[in-house]
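Bear in mind that the values in this text are calculations on the coordinates, not laboratory data. Quick caveat, the model's predicted, so the values are computed rather than measured. Methodologically, a virtual Cβ is constructed for each residue, glycine included, from the backbone with ideal geometry; neighbour enumeration extends over all protein chains shown.
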Amino acid sequence: MLKNLNETVEWLKARIPAETKIGIILGTGLGDLANNIKDKKEISYEEIPHFPVSTVEGHSGKLIVGTLGGKPILAMQGRFHYYEGYCMQDVTYPIRVMQFLGISHLFVSNAAGGMNRSLEVGDIMLIEDHINLFPEHPLRGRNLPEFGVRFPDMSEPYDKKLRKLAIEIAHKNNIKLQYGVYVGTQGPTFETPAEYTYFHIIGGDAVGMSTVPEVIVARHAGIKVLAFSIITDLGVTGRVETVSHEEVLKAAKIAQPKMAFIMEEVIKQL
Ligand code: HPA
């Protein structure tokens, strides 16, 4: 893995400005943020040595290099989901690449089902914490000291200062921002009514099929994280309706300009 990683990183170093410290993962239906990136250069995942290739609809699978909010950034349009069949090492491979490229801040977005009664479709939820319900841990196995410590601290998975900044920006610009705990599950089924209720009872406000593995690896790597869920459907007890991927994409599209604005402003003020 280390040999592959070094080859990926060496290949990318020749194509990415050395000052790039900000990484972004654009979630399902949230790729439009890429339109705000200036001086863009796109690198398709297929071109990158040892990089996994994404398959799901709504993910085009490319790295976008450029500037956002005046800062050099590296954005992933399309991520690798566990439900697609990738192992956890592949799901989190791009985060290791970011670590070795010297990325210090990671911005993550996803689409999620809202379980807290105060959430509505189209809301943006700032992720304050998460519950890892994936059946496999991304750090399982031998720990390489180059990656991080054996038993990483998880007391602040989502950076407090970044969250404060995001809240201030949303408030100043009259953008409704919700807060809550994200439950990460393997999918690919959406939840049954009883599962939504269960995830809410154990402390979750929204549920989705991504983010948690990437955030765990980012924290292992010492990368600071800020993450947002776009609430695309509701799993509120007694109000569960049918969910489709199309509806998720539609709701994500409506909310994404507001999330993109917050992200860009946070990056500007870093
Ligand atoms: N459950 C799981 N993942 C999701 C959902 C959901 O309701 N909505 C969008 N991604």
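Residues whose amide H lies under 5 Å from that of Leu234, counting only those 5 or more places away or on a different chain, are Gly114, Glu241; hydrogens are built 1.01 Å from N in the peptide plane. Value of Rg to Rh for region 94-180, rounded to two decimals, is 1.01; Kirkwood radius and Rg both from alpha-carbon coordinates.
Placing unit charges on the Cβ atoms of the charged side chains and taking the dipole of the chain about its Cα centre, the candidate lying farthest along the positive direction among Ile230, Ile169, Met1 is Ile169. When DSSP beta bridges are restricted to pairs lying wholly in region 120-270, around 20% turn out antiparallel. Rounded to the nearest 20 debye, the dipole magnitude of region 2-268 is 860 debye, with +1 charges on Lys and Arg beta carbons, -1 on Asp and Glu beta carbons, and the Cα centre as origin.
Please label the shape of region 112-236 as rounded, prolate or oblate, based on the square roots a ≥ b ≥ c of the eigenvalues of the alpha-carbon gyration tensor (a/c under 1.5 means rounded; beyond that, a/b larger than b/c means prolate, else oblate). Since a/c reaches 1.5 but b/c is at least a/b, the shape of region 112-236 is classed as oblate. When the Gaussian network model of the chain links Cα atoms closer than 10 Å, the mean-square fluctuations of Ala14, Ala251, Ala170 top out at Ala14. Using only Cα atoms and rounding to the nearest 10 degrees, what angle (0 to 90) does helix 245-268 make with the longest principal axis of the chain? Here the helix axis deviates by roughly 60 degrees. Here the relative contact order of the chain, from alpha carbon pairs under 8 Å that lie six or more residues apart, stands at 26 percent.
Between the residues Thr28, Ile43, Val181, the greatest Cα displacement towards the positive end of the dipole of region 2-268, with unit charges on the Cβ of Lys, Arg, Asp and Glu, is found for Ile43. Here the chain carries DSSP beta bridges of which approximately 35% are antiparallel, counting only pairs with both residues inside. The residue list Val215, Met263, Ile201 was ranked by how far each Cα lies along the charge dipole of the chain toward its positive end, using unit charges on Cβ atoms, and Met263 comes out on top. Cross-link pairs exceeding 18 Å in C-alpha to C-alpha distance, out of Lys71/Lys176; Lys161/Lys253; Lys21/Lys41; Lys38/Lys250; Lys71/Lys250, comprise Lys71/Lys176; Lys161/Lys253; Lys38/Lys250; Lys71/Lys250. Here is the size of the chain from its Cα atoms: Rg then Dmax, 17.4, 54 Å.
For region 119-162, taking Cα atoms only, Rg and Dmax work out to 14.7, 43 Å respectively.
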